[in-house]
Number of protein chains: 4
Amino acid sequence: MFIKIDINSDVPIYIQIKNEIVGLIAKGELKEGDKLPPVRKLAADLGINLHTVNKAYNILRQEGFISFNKKKGTIVLGRNINKASESEKEKLKGILRTVVSEYYCKNFSREDIKEIVDQLYDELENKILV
Amino acid sequence: MFIKIDINSDVPIYIQIKNEIVGLIAKGELKEGDKLPPVRKLAADLGINLHTVNKAYNILRQEGFISFNKKKGTIVLGRNINKASESEKEKLKGILRTVVSEYYCKNFSREDIKEIVDQLYDELENKILV
Amino acid sequence: MFIKIDINSDVPIYIQIKNEIVGLIAKGELKEGDKLPPVRKLAADLGINLHTVNKAYNILRQEGFISFNKKKGTIVLGRNINKASESEKEKLKGILRTVVSEYYCKNFSREDIKEIVDQLYDELENKILV
Amino acid sequence: MFIKIDINSDVPIYIQIKNEIVGLIAKGELKEGDKLPPVRKLAADLGINLHTVNKAYNILRQEGFISFNKKKGTIVLGRNINKASESEKEKLKGILRTVVSEYYCKNFSREDIKEIVDQLYDELENKILV
DNA sequence: GTGGTCTAGACCACA
DNA sequence: GTGGTCTAGACCACG
C-alpha cells in the first residue's frame, strides 16, 4: 500500500491519509476484505504519530469505508453500493458550487471541467479493468 | 451586495467571505469596476471582526479578483480572461481528484457529477443573461 | 440454538453472546434445565476464540442465568423468579435515564418509547405462547 | 453547570461527559444558545485531560447537540426538533431489546418498565415547567 | 482565548 | 497484537 503525505501541506495529515485511502479504494487497489496496516505500523512507516493515523481510520469507519475487527484488525468494506443519496448529492453540489464559481471566473468552460471529470473517471475505471 | 455567512460553520469565516464574493463575481452580480464595501463597513454589517474581512480581501487580491486603489477603494477586476492556464488546470484536477474519488466510492456516476456541473453553469449563465 | 454474532460490531463479542443467550431465555427458546453447548463447541461453531465464549458464560453464571455442573455441563436456570428487587430497579432506572434523556432530546415522546417496550414484550410473550 | 464523572467507572469518561451534558439539555438546564465551558476549563474542573473533554464535545457536535463557534466558543443548539426518524427508532429499539430481554428475565413486567419511563419523563418535564 | 492538530508515551480490553 | 482510552504538553488557526 502506497500512501504519500505532505507533512508541510496545510491539509491536516489525517485528512490526507483519509483521502489517500479513499483514493486507493476508488482505484480498486484496496478491495473489500483487504487489510489496512495497523495504526502503529502505518504511523511508523509515515514517520508520524499513531494518533494521527488513528483519527484518519476513525473517520473512514464513520463514513463506512472500513471496519475494525478485533480478530483481523482493520479491514476495507469496499465501495459503498447505493449511497448516491439525495443528501450526499446536495453535499456534493455545495462542494462543486464553490469550485465551479472559482474556475468559471478563471475562464474554465463547463466542457473544460467535465473533460477533467471524464479523465478522472477513466483513470479509475481503467485501473479496475486491469 | 448580499453576503451570507454561517457563524457556526466549520469553514472559516474569511474563506466563506472569499467564496461568497467569488460567487457574486461568477454570477455577474459584481462586475469589473464595481466597488466592494470598505472593510470596516462589511465587518460591521456582518457583525464580525475587521481583521477577518481584511484577510478575505487580501486573498481575493492575491488571486487577482480585486484590487486596492487609494482613490477608489477596493474594486473588482472581474472575471479574468485567458486564465485557463495549464497550471490552474492541474490545480483544479488535483481538487477534483479527491472529490471524484470519494463520490465514485459513494456510487456517483460520471454523469451524476457532470449533471451537477451543468446545473451550476446554468445557474451562473442564466444570472448573466438577466 | 441459533446465536448470531457480528464480528464487525463495536459491541464486544462476549457481550453479544451473553445478550443473545439472555434473549433466547427471554423468548423461551432456552428453558430451565436446558443444556448450553460446551464452550469448545460454541466457539468452534461461531469461529471464535474459546476464551471469548468462556467469558460470556462466566458472566451469565454471575448474573444467575446459568449454572456449571460437572456432570451435566452448563445448564440454564431459566427466568429468575422474584428478582424484581429494589436494587435491580434502581440499576434499570439508571440505564433508562441515559436512554430516555437522549431520545427525549431527539423528540421521542414517552408514548413512542412505551410503544416500543410494548412491541418488545409482545414479541417475547408471543414466542412463549407458540 | 454540574457534571459528575466517576473516574473508576468502566464507562469511558468522555461518554460519561457526553451523557451528562445530554442529560442537562434534556432537563432544560442547558438551553439553546447557552455556552458550554471551554474544554480546558471543564477538564481542569473535572481534574482530567483536555483531550478527553474534547472528544466528548466532538461527539456532541456530531450528534447535533452543540456547535463550535470561533467567536463564542461552544454553544448549545438545544433539543433537536423533528428527529424522531425511523432509523433512530430502529436504533432505539435495538438498545431497548437488550434491556427488555434482560429485565424480562429478571421478572420485570412491561408495566414496571413503562412506569420507570413515565417517572423519568415526569422528572424531565417538571424541570422544564419550573 | 477558543478549538484544532500533532507528538510522545502509558495502560487496558478484546480476541 | 489490535484498537481504545487517557495523560501531558506543544504549537497553530481563527477571530
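Points to keep in mind about this one:
Conditions (1) free of Cβ contacts under 8 Å to residues at least 12 places away in the same chain; (2) in contact with a Ser or Thr (Cβ under 7 Å, 6 or more places away or on another chain), marked per residue:
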position	(1), (2)
D:K72	no, no
D:L77	no, yes
D:K93	yes, no
D:C105	yes, no
D:I113	no, no
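- Among the candidates A:I21, A:I66, A:I17, the residue that is touching a residue at least 12 places away in the same chain (Cβ under 8 Å) and in contact with a Ser or Thr (Cβ under 6 Å, 6 or more places away or on another chain) is uniquely A:I66.
- Entirely in the stretch A:23-128, the helices (runs of 4 or more DSSP H) that have 1 or more residues that are touching a strand residue (DSSP E or B) at 6+ places or on another chain (Cβ under 8 Å) and within 16 Å of DNA strand F (Cβ to nearest atom): A:39-46, A:50-62
- Scanning the stretch B:47-102 for residues that are within 8 Å of chain A (Cβ to nearest Cβ) and within 16 Å of DNA strand E (Cβ to nearest atom) gives a single hit, B:T98.
- Qualifying positions in the stretch C:5-22 - within 16 Å of DNA strand F (Cβ to nearest atom), closer than 26 Å to D:F108 by Cβ and among the aliphatic types (A, V, I, L, M): C:V11, C:I15
- Contact annotation: residue pairs with Cβ atoms under 7 Å, 6 or more positions apart or on different chains, pairing a residue in the stretch A:30-43 that is more than 26 Å from A:L124 (Cα to Cα) with a partner that is modelled with pLDDT of 95 or more and assigned to a helix (DSSP H, G or I), are A:V39/A:L50; A:V39/A:V53; A:V39/A:N54; A:V39/A:Y57; A:R40/A:L50; A:A43/A:L50; A:A43/A:T52; A:A43/A:V53.
- Selection from the stretch D:1-32 of residues that are closer than 15 Å to D:I48 by Cβ, among the hydrophobic types (A, V, I, L, M, F, W, C) and more than 16 Å from DNA strand E (Cβ to nearest atom): D:I5
Quick grid of which residues meet (1) surrounded by 16 or more Cβ atoms within 10 Å (Cβ to Cβ); (2) within 15 Å of the chain's Cα centre (by Cα); (3) modelled with pLDDT of 95 or more; (4) not small (G, A, S):
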{"site": "D:L46", "(1), (2), (3), (4)": "yes, no, yes, yes"}
{"site": "D:T52", "(1), (2), (3), (4)": "yes, no, yes, yes"}
{"site": "D:Y57", "(1), (2), (3), (4)": "yes, yes, yes, yes"}
{"site": "D:K70", "(1), (2), (3), (4)": "no, no, no, yes"}
{"site": "D:G78", "(1), (2), (3), (4)": "yes, yes, no, no"}
{"site": "D:I81", "(1), (2), (3), (4)": "no, no, no, yes"}
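The values are calculated or read from the model by the stated rules, or taken from the named source; none is laboratory data. What you see is a predicted model, and the numbers here were worked out from it, not measured in a lab. Backbone-built Cβ (ideal geometry, glycine too); neighbour counts: all protein chains shown.
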